[in-house]
């Protein structure tokens with residue numbers, strides 16, 4: 001395996017890092033100030049200004065591997081760029097590379113019809129609209145997606161949708177115009193993995209009601225947000241069904257593999273920034289006559305943080321490499337491993353950074369507390385740790401099913 005960055009990637013890294021230094025970091029406080037000036041569910045003007053600059057700079061739609069619509073980068077090539085974006089909470093959207101839009105755009109690119117692409121993919125790629133992914137449900141353990149109860153029932157030339165979803169990310173954004181909804185079209189199919197389908201639901205379709213916006217450790221994540229949503233007799237054209245009835249799991253696997261890589265590389269970037277803040281804070285603070293940076297416990301934490309970040313990055317790059325070379329299915333163990341390792345790594349690094357900042361660490365004066373809320377939630381989203389650990393364990397045992405016993 002060769003993880004050396006190509007000249008193309010190195011050039012994009014350089015341009016992306018320079019853009020972050022010139023435009024992103026200096027405007028993080030501006031974004032927060034504008035967001036808090038009035039209705040938190042409106043878009044701060046600085047965001048659209050930065051998006052225009054990123055597009056003009058050619059730093060736009062860097063994801064979408066194997067597509068002429070994006071930058072044409074492989075997962076391995078995109079990974080280090082995604083890490084740079086992960087250093088700031090506002091950066092991914094500035095470059096039109098934020099969730100759930102990236103996953104939804106990949107679904108539309110791979111599984112949508114030409115009409116779907118024209119109506120929804122093109123404006124998403126242009127950054128004119130945003131989207132939502134509606135899969136998780138409050139009434140069932142959604143870590144097992146076969147539990148999903150929402151229904152998608154054929155009625156003539158339409159499908160009628162009923163159900164209750166929550167943690168529907170992006171639903172609070174006023175620019176959200178399209179949802180990808182997962183529900184059951186064939187609940188009696190003996191194959192549990194052929195019961196579900198995915199369908200496109202325009203946001204303004206009658207029967208969609210936001211029950212409430214949810215918080216993560218008290219943070220509302222406005223103006224993006226996560227919603228509990230009720231769907232009551234929501235009727236959409238039958239042509240909105242993606243790929244065909246019973247193929248929802250197939251679509252989900254195609255969507256979640258790259259999405260998990262994106263999450264993990266962003267987590268590495270955020271961990272790097274947290275470590276930087278920890279180092280600067282430890283060097284600038286004196287306690288009991290010595291700089292905090294000279295305390296053995298601090299040095300050990302800095303060393304362990306560096307080791308953990310390097311390990312997580314390398315495992316993520318390996319998973320990306322395998323996805324590119326042997327496909328998502330063959331790389332499922334590596335994808336599962338990094339989905340467990342990267343959030344756990346970030347939680348620990350952030351915890352140490354918070355500790356180094358003392359009382360400031362748990363305030364909103366530094367972005368560590370909100371970053372921790374995000375990191376902790378990633379241990380649940382896109383499959384909780386326990387699901388991935390079980391999969392890794394089963395795959396490990398499978399290696400020994402037909403192997404000859406070891407010699408005594």
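The values are calculated or read from the model by the stated rules, or taken from the named source; none is laboratory data. This structure is a prediction, so every number in the text was calculated from the model and none was measured. With ideal geometry, Cβ positions are generated from the backbone for all residues, glycine too; neighbour counts draw on all protein chains shown.
Taking the numbered list (1) outside the structural domain of residue 153 (by TED's automatic domain parsing); (2) buried (at least 18 other Cβ atoms within 10 Å of the Cβ) in turn, residue 253 passes all entries but (2).
In segment 362-372, the count of residues that are within 26 Å of residue 389 (Cβ to Cβ) and under 23 Å from the mean Cα position of the chain (by Cα) is one or more.
Tally time: how many residues in segment 232-245 are under 23 Å from residue 113 (Cβ atoms) and assigned to a strand (DSSP E or B)?
As a first pass, look at segment 232-245 and keep what is under 23 Å from residue 113 (Cβ atoms): 234-245.
From the residues that got through so far, the ones that are assigned to a strand (DSSP E or B) too are 234-237, 241.
Selection size over segment 232-245: 5.
Looking across segment 125-147, the residues that are in contact (Cβ under 8 Å) with a residue 40 or more places away in the chain and either touching a strand residue (DSSP E or B) at 6+ places or on another chain (Cβ under 8 Å) or buried (at least 18 other Cβ atoms within 10 Å of the Cβ) (or both) come down to 125, 127, 129, 130, 131, 132, 133, 134, 135, 138, 145, 146. Every condition in (1) farther than 23 Å from residue 167 by Cβ; (2) assigned to a strand (DSSP E or B) is met by residue 229 except one, and the failing one is (1).
Only one of the listed residues (163, 172) is surrounded by 19 or more Cβ atoms within 10 Å (Cβ to Cβ) and part of a loop (DSSP other than H, G, I, E, B). That residue is 172. Evaluating residue 96 against the criteria (1) out of contact with any helix residue (DSSP H, G or I) (no Cβ under 6 Å at 6 or more places or on another chain); (2) surrounded by fewer than 20 Cβ atoms within 10 Å (Cβ to Cβ); (3) at pLDDT 95 or above; (4) over 24 Å from residue 194 (Cβ atoms) leaves one unmet condition, (2).
Scanning segment 355-405 for residues that are closer than 21 Å to residue 272 by Cβ, touching a residue at least 12 places away in the same chain (Cβ under 8 Å) and part of a loop (DSSP other than H, G, I, E, B) turns up 366, 367, 379.
The single condition among (1) touching a residue at least 60 places away in the same chain (Cβ under 8 Å); (2) in contact with a strand residue (DSSP E or B) (Cβ under 6 Å, 6 or more places away or on another chain) that residue 179 does not meet is (1). Taken over segment 277-294, the criterion of being under 36 Å from the mean Cα position of the chain (by Cα) and surrounded by 12 or more Cβ atoms within 10 Å (Cβ to Cβ) is satisfied by 277, 278, 279, 280, 281, 282, 283, 285, 292, 293.
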